[in-house]
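The values are calculated or read from the model by the stated rules, or taken from the named source; none is laboratory data. Since this is a predicted model, take the numbers as computed values, not measurements. All Cβ positions, glycine included, derive from the backbone under ideal geometry; neighbour counts span all protein chains shown.
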Amino acid sequence: MSKSIYNRWLLAIITIIIGLNLRPIMASISPIVPVLQNAIGINNQTAGLLTTLPVAMMGCFALLGSRFQARVDEYEGVLFGLLAIAVSCGSRLFIHSTLPILVTSIVGGVGIAIIQTLMPAYLKRVTTNNASIYMGLFTTGIMGGAAISAASSSPLEEVFGWNFALSVMAIPALFAIIFCFFGMQRFKSNSKGYLPLPLGSKNAWLLMLFFGIGTGAYTLVLAWLPLNYTQLGWSRNTSGALLSILTVAEVVAGILVSIFIKKFPDRRKPLFTTLLLILIGLLLLIYVPSKHPLLTVITLGLGIGALFPLSLIVALDYSSDSKQAVSLLAFVQGGGYLIASTFPFMAGALIDASSNLTNAWIGMIVGVLLLLGICMKFSPKGFSIQY
């Protein structure tokens, strides 16, 4: 195997391993919400905060991404982010009340935000023409981590208790630290300087809104899909398994995006197809959730799983170098995650008020229809960002 091929495979593995650690702190919560309600007395709004807080931290710290990148090497920043995730997950082994678990969500969200801001710029710099492929692999790793944690948290809770179930994902974070410490040395750089956020570009705001609503769909389903089925009389394990199937479908969608994205220089075609899948999945979830559960979660998973990487790839398309990538993606992810963070919390409030999730799914349908209109503006030539 030539050195260049070896390096490409090594970078692909590093990219996936890092991505695997960016969702377990949230995805492990939803399958065991009833257990947490009994153990530490949280209500649905507080349970929603366990997803809302890390997503909000992703948004707040992503907005500082360009300044952070100017002072900290991408390699060092990613290691610091992984350490924050490992600490936040591992400390849940010793928690027995609501406030500390909320604090761990904040710490983990900061670590995730740093990585999600620096990795796209890092990939843009070290891969140049193949950045969209590696972004697909990165987001595939993110969704794969969600699938693993969603599938394992309820069975682990039944055997070892909820503390262990929420803390065990510190192990892959520590493994990622060790692997990246040695592996990323090959691609280490000292990219300094930064561009200000493109606040004056209307198109940058459109990209942010698109990413925010699309990610809101992801966080909403991640936080509340299992409860939707437990309310219909399904067991916790079976409801958690449906979330796992959905996240596996997301992983498949992410892999397909990585493979085929270069065939679609006009991203509007795959975006339109993706949004239609989400729309169909939401309608199935409202009207026939128990009659066709596998069709429902697979359709939703394929749609959401493709939308997440496509949203980042579209933003990456409109940056010509790593500094522009950091600036634009910091703005898009920062504002977008702040928008997305409100979705699971508002859904929790709706559940406490009406005892079901129908209104939340209807609101998401309205959001998808808005995204269909926005995505038509993403022309390869007629759409640009002013830095």
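Brief remarks on what is shown
- Some residue of region 62-77 being in contact with a Gly (Cβ under 6 Å, 6 or more places away or on another chain) and in a helix (DSSP H, G or I): yes
- Filtered by the rule that a residue be out of contact with any Ser or Thr (no Cβ under 9 Å at 6 or more places or on another chain) and either free of Cβ contacts under 8 Å to residues at least 24 places away in the same chain or closer than 19 Å to Phe260 by Cβ (or both), region 316-332 gives a lone residue, Ser320.
- Residue within region 184-196 that is in contact (Cβ under 8 Å) with a residue 40 or more places away in the chain, more than 19 Å from the chain's Cα centre (by Cα) and at positive phi present: yes
- When Leu83, Leu99 are checked against the criterion of being within 13 Å of Ile18 (Cβ to Cβ) and either buried (at least 18 other Cβ atoms within 10 Å of the Cβ) or not charged (D, E, K, R) (or both), Leu83 stands alone in meeting it.
- So Ile32, is it of a type in the set (A, V, I, L, M, F, W, C) and farther than 16 Å from Gly108 by Cβ: yes
- Unique residue being touching a helix residue (DSSP H, G or I) at 6+ places or on another chain (Cβ under 7 Å) and either modelled with pLDDT of 90 or more or under 26 Å from Leu370 (Cβ atoms) (or both) when the list is Val288, Val297: Val297
- Of the criteria (1) buried (at least 23 other Cβ atoms within 10 Å of the Cβ); (2) touching a residue at least 60 places away in the same chain (Cβ under 8 Å), which one Thr342 fails: (1)
- Looking only at residues in region 21-52 that are closer than 16 Å to Tyr218 by Cβ and of a type in the set (A, V, I, L, M, F, W, C), the one that is modelled with the highest pLDDT is Leu22.
- Test for Ala173: is it part of a helix (DSSP H, G or I), farther than 22 Å from Ala39 by Cβ and under 20 Å from the mean Cα position of the chain (by Cα): yes
- Pairs, first closer than 12 Å to Leu11 by Cβ and of a type in the set (Gly, Ala, Ser) in region 114-131, second modelled with pLDDT of 80 or more and crowded, with 24+ Cβ neighbours inside 10 Å, C-beta under 7 Å, six or more apart: Ala131/Leu123
- For region 3-15, the condition holds for no residue, the condition being that it is at pLDDT 85 or above, closer than 23 Å to Leu243 by Cα and among the aliphatic types (A, V, I, L, M).
- Options Ile5, Ile32; residue that is free of Cβ contacts under 8 Å to residues at least 60 places away in the same chain and in a helix (DSSP H, G or I): Ile5
- Given (1) modelled with pLDDT of 85 or more; (2) surrounded by fewer than 24 Cβ atoms within 10 Å (Cβ to Cβ); (3) not hydroxyl-bearing (Ser, Thr, Tyr), index of the condition Gly109 fails: (2)
- Within the option set Ala325, Ala306, being surrounded by 24 or more Cβ atoms within 10 Å (Cβ to Cβ), over 22 Å from Gly145 (Cα atoms) and small (Gly, Ala, Ser) holds for one residue only, Ala325.
- Among residues of region 306-329 being modelled with pLDDT under 85 and part of a helix (DSSP H, G or I), the one that is nearest to Leu137 (Cα to Cα) is Leu316.
- Residue check, Gly41 touching a Leu at 6+ places or on another chain (Cβ under 7 Å) and farther than 22 Å from Thr15 by Cβ: no
- Selection status of Gly48, over 20 Å from Leu328 (Cα atoms), surrounded by 22 or more Cβ atoms within 10 Å (Cβ to Cβ) and either within 20 Å of the chain's Cα centre (by Cα) or not aliphatic (A, V, I, L, M) (or both): yes
- Qualifying positions in region 330-380 - more than 14 Å from Gln45 (Cβ to Cβ), among the aromatic types (Phe, Trp, Tyr) and either assigned to a helix (DSSP H, G or I) or touching a His at 6+ places or on another chain (Cβ under 8 Å) (or both): Phe331, Tyr337, Trp361
- Condition met for Tyr287 (touching a residue at least 24 places away in the same chain (Cβ under 8 Å) and out of contact with any Asp or Glu (no Cβ under 6 Å at 6 or more places or on another chain)): no
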